[in-house]
Each structure stands twice: as C-alpha cells, then as structure tokens.
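Worksheet: one structure, shown below.
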Amino acid sequence: MILVTGATGTIGREVVRLLPAHLAVRILARDPAAVTGGSTTAETVQGDYEDPGSLMRALSGVRAAFLVTNRIADDDARFLRAARSAGVRHVVKLSAAGVTDGEAEDLITRWQRGNEELWRGSGLEWTLLRPRLFMSNTLSWAESVRTHGVVRALYGTSANACVDPRDVAEVAVRALTGDRERYAGTALTLTGPEPLTAVRQTAQLAELLDRPLRLEELGPGQARTVLAERYPRDIVEAILERAEQQRQGGKSEVDGTVPALLGRPAGSFRMWARHHLSAFRASMEPVSAAGQSPCEPAVTMAEKAD
C-alpha cells in the first residue's frame, strides 16, 4: 500500500494521477471531496496531521508514503511517530532546493532543513525531493495577463532554474514504486533545463498567446504589501529573503537529476505553458478544455517551491 498526502496540491495530485492503477493506493486528505484525478481503485480517507488517530488509520498497512507538509509546525514529527508505529518502510518527502543554498537562513528554509534532518535520523528509509520553483507558480499571473496583458513580478531579471511539477511528480512515483536501493537515502535536486527570468517567461507567453504582454517589476515594498494580504508577517519576510537569494543568482544552477532519472530532457517552460495556455487567454479568446488549469498562488507553503 502507498499513501499519498498533499493530493489536492500541485505535486500531490500529479503523483496520484501517475501512480499505476494496479497498485494499492490510499490518499490522506483533510477534505476527501477535494481530491480528484486518481485511479478509481484508490482509497481516500479523511485525516489531519494534528489528529494522531487519523494518521494511524491512514498509515495502517502502508509500506511507502509521499509526504507534503505545509505549515511551520511539527507535522513531520507527528507523521514520523505514526509512520514508525505503523511499520512504514519508506517515506518520500517533498522538500526544496533552497536547503542547499549556504547563504539562505530565512524561516522557511530553516524549517525545511530541520525536517530533512528529522527524516535523516528517523531510522526509516527516506528520499528527499528538492525542487526549484514550480513553473506552475506563473499561474498567479493568469488574471492580470488575461485582463490587462501584464505580468507583475518581483526582480523580473533574476533567474531561477524552475521545474515542471509533472517532472517532480514522476520522480516521486519512481521513488515510491521503483528500485528502493536506488532511491533510499538520496536527496534529489530537481530543476528545469535552463534558468529563466520573468522577463523571458513573459516573452515566451506572449509568443504562445500571439499577443503583446508587458512586465511590471514589483519593488520589495510593493511585493511585501501584496504578500501581506495572504501570509503572516514572518512568512512574508521569509519569502522576500528567498527572492533576494534568487536576485543574487543563488537559484539559477541547472541540475541533471531529472533527465538522468527519467531518461528524457527535463520539461521546458515553453512546453509547460503551451499545455496550460488556456489559463492565460483573455475571456473572448477560444479556450481548449484540454489545457484548462486552475490559477494558483505565486508562492504556497504547501508546495515549498524554491
């Protein structure tokens, strides 16, 4: 049995979609009704990290688990206690590439590093997935692109080796279902094929949409005001610190792990954007149902994109 958490998020829902239908899969969700896209044979159970009983029920009979945690809290420790009691053998943990940035000491990165250390010392088999910024975070631009032809971004000329979430999910599935000796005890940095700036992403979107787009670069003060509408002050400051690391070039390095594991090139932003183009189209433009995708926030604690 494989347990998937975070199944309503960017990576978790792709993991659910990619897991082979013949495998026994259980999905843990606070709101089971929000889970979509899984195999008809997958079991969905209600639970919460703060409810030990629900964790034990969800982990009963589970041999491997995909773990996403989304709060600066002790959710990893709670899950670990239940996993040990239930006899889970392998946990694939979604972390972030920022833990390797030696200069990064913001609140979110310190929390992620602490979680990684927890799993390293857990006594269980573990695999750490360290993605860079998710390409899907650009869906936060969708409304302003649709209505005004504008992308608003902080530090528009700073580069990030952003990754296609589908690549991250495919690696997660291979770690959950493949050769345990290959994946156990590994920390995998997952990036796209090239570092990209918001300027270049805007240009590629404009070309694909066949309409002019312009970039409005936000200053730190403007970004702080926008983020404060969604997050507590300490999280806002951590996000801005991470953005500063990117501005200094700390997130532009391309890693070869994705192509090495998947046997193909890492997905490009152009390819990802083409697949999700309907999200960026103006309402009067034709929309392809196959490319429909919901808008998502630029930064989510649940996904820990970096």
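Observations
- Residue in the range 177-194 that is touching a helix residue (DSSP H, G or I) at 6+ places or on another chain (Cβ under 8 Å), among the basic types (Lys, Arg), surrounded by fewer than 22 Cβ atoms within 10 Å (Cβ to Cβ) and touching a residue at least 60 places away in the same chain (Cβ under 8 Å) present: no
- Residues satisfying the stated conditions in the range 255-269, i.e. assigned to a loop (DSSP other than H, G, I, E, B) and at negative phi: 255, 256, 264, 265, 266, 267, 268
- For the residues 58, 42, the requirement of being at pLDDT below 95, more than 25 Å from residue 160 (Cβ to Cβ) and either among the small types (Gly, Ala, Ser) or under 22 Å from the mean Cα position of the chain (by Cα) (or both) singles out 42.
- Inside the range 116-156, residues that are assigned to a helix (DSSP H, G or I), of a type in the set (Gly, Ala, Ser) and touching a Phe, Trp or Tyr at 6+ places or on another chain (Cβ under 9 Å) make up a count of 2.
- Within the option set 293, 252, being of a type in the set (S, T, N, Q), part of a loop (DSSP other than H, G, I, E, B), surrounded by fewer than 20 Cβ atoms within 10 Å (Cβ to Cβ) and at pLDDT 80 or above holds for one residue only, 252.
- Answer residue from the range 18-31, given it is among the charged types (D, E, K, R) and modelled with pLDDT under 95 and is surrounded by the fewest Cβ atoms within 10 Å (Cβ to Cβ) among those: 31
- Search result, residues across the range 35-75 that are touching a residue at least 40 places away in the same chain (Cβ under 8 Å) and within 18 Å of residue 87 (Cβ to Cβ): 58, 59, 61, 62, 63, 64, 65, 66, 67
The values are calculated or read from the model by the stated rules, or taken from the named source; none is laboratory data. Owing to the predicted nature of the structure, the values given are computational and were not obtained by experimental measurement. Reconstructed Cβ throughout: ideal geometry from the backbone, glycine too, with neighbour counts over all protein chains shown.
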